[in-house]
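In what follows, a single structure is set out as structure tokens and then discussed.
Quick note: the coordinates plus some simple rules give every number you see, no bench work behind them. Everything numeric in this text was worked out from a predicted model, so none of it was measured. Positions of Cβ are generated from backbone atoms using ideal geometry, with glycine treated the same way; all protein chains shown enter the neighbour counts.
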Amino acid sequence: MVVVQRVRVRWSADARGAGDADLRRGLSEARRMPEALPDGPVVVHDVFADHADGYRFSEQVRSGGDAASLEFSESEQGVTVRACVRDAVYPPHDRATRLFTLAPGKVGLYRANFRFRGQCCCSASWWYEDWTVRVANAPASPELFLHRSPQYTADHRVQLYGGRARRTAA
């Protein structure tokens, strides 16, 4: 079973300053998973906090990797995880990006941030999102991500407001 916890934090262009950045700090920490999770090969705990709502958390549980913009493939080595965020304006993603391969019992961490634009060209609003995605090739439990450090990390965060890009993988 693959278990995903994606924590998304969203803000508008008006909330780009240091004070608002301080409000966002710490919001992407691991959270307790719900007790009842659906059966299936991939379970996604999607957590969302939006500046427009005072960064109050909302949570949904879904089945299937596409719910977290991830693709999975199995091999003898484990489960390979790829990111496929196609709606972002920046950084652009035209194809899935390999993140890591998780052997049974292993945990990976994917960090990324994005700039998005509304679909209507007559009122093209911009917003930003910071994603912290934890993925485990392990059975689900409510505290799965609270006490386990990731063995693999893919940090694809960039400078959203200009400047040099930062990209690491470990």
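About the centre of its Cα atoms, the chain shows a dipole size close to 600 debye [charges on the beta carbon of Lys, Arg (+1) and Asp, Glu (-1) only; nearest 20 debye].
Once you wrap a convex hull around the alpha carbon atoms of the range 1-49, what is its projected area averaged over all directions, in nm²?
Values: hull surface 16.4 nm².
If I average the Cα hull's projected area over directions, I get 4.1 nm².
Once the other residues with Cβ under 15 Å from the Cβ of Asp53 are scored (Lys, Arg +1; Asp, Glu -1), what is the net sum?
Once all neighbours under 15 Å are counted, the net charge is -1.
Hand me the trypsin sites (Lys or Arg not before Pro) from the range 56-93 located in a DSSP loop with no more than 16 other Cβ atoms within 10 Å, in residue order please.
Working: sites: Arg56, Arg62, Arg82, Arg86; in loops: Arg56, Arg86.
Passing both the DSSP loop test and the Cβ count: Arg56, Arg86.
Take every DSSP beta bridge whose two residues both sit in the chain; close to 75 percent of them are antiparallel.
Computed from backbone phi, the HN-Hα couplings of the range 97-106 come to 10, 5, 9, 5, 10, 9, 5, x, x, 8 Hz, rounded to whole numbers (Karplus: 6.51 cos²θ - 1.76 cosθ + 1.60, θ = phi - 60°; Gly and Pro given as x).
Sparse packing (at most 15 other Cβ atoms within 10 Å of the Cβ) combined with a DSSP loop state is found for the following trypsin sites (Lys or Arg not before Pro) in the range 5-43: Arg16, Arg25, Arg32. Along the range 40-45 the Karplus relation, 6.51 cos²θ - 1.76 cosθ + 1.60 evaluated at θ = phi - 60°, assigns HN-Hα couplings of x, x, 9, 10, 10, 9 Hz to successive residues, with x for each Gly and Pro. Distance between the pseudo-spin-label points of Met1 and Arg115 (7 Å out from Cα toward the beta carbon): 4.1 nm. Taking one equal scatterer on every alpha-carbon of the range 1-103, how large is log10 of I(q)/I(0) by Debye at q = 0.13 1/Å? The calculated log intensity ratios at q = 0.13 Å⁻¹ are -0.58. FRET efficiency for Leu27 and Ser75, Cβ-Cβ distance as r, R0 = 25 Å, nearest 0.05? Here the calculated transfer efficiency is 0.15.
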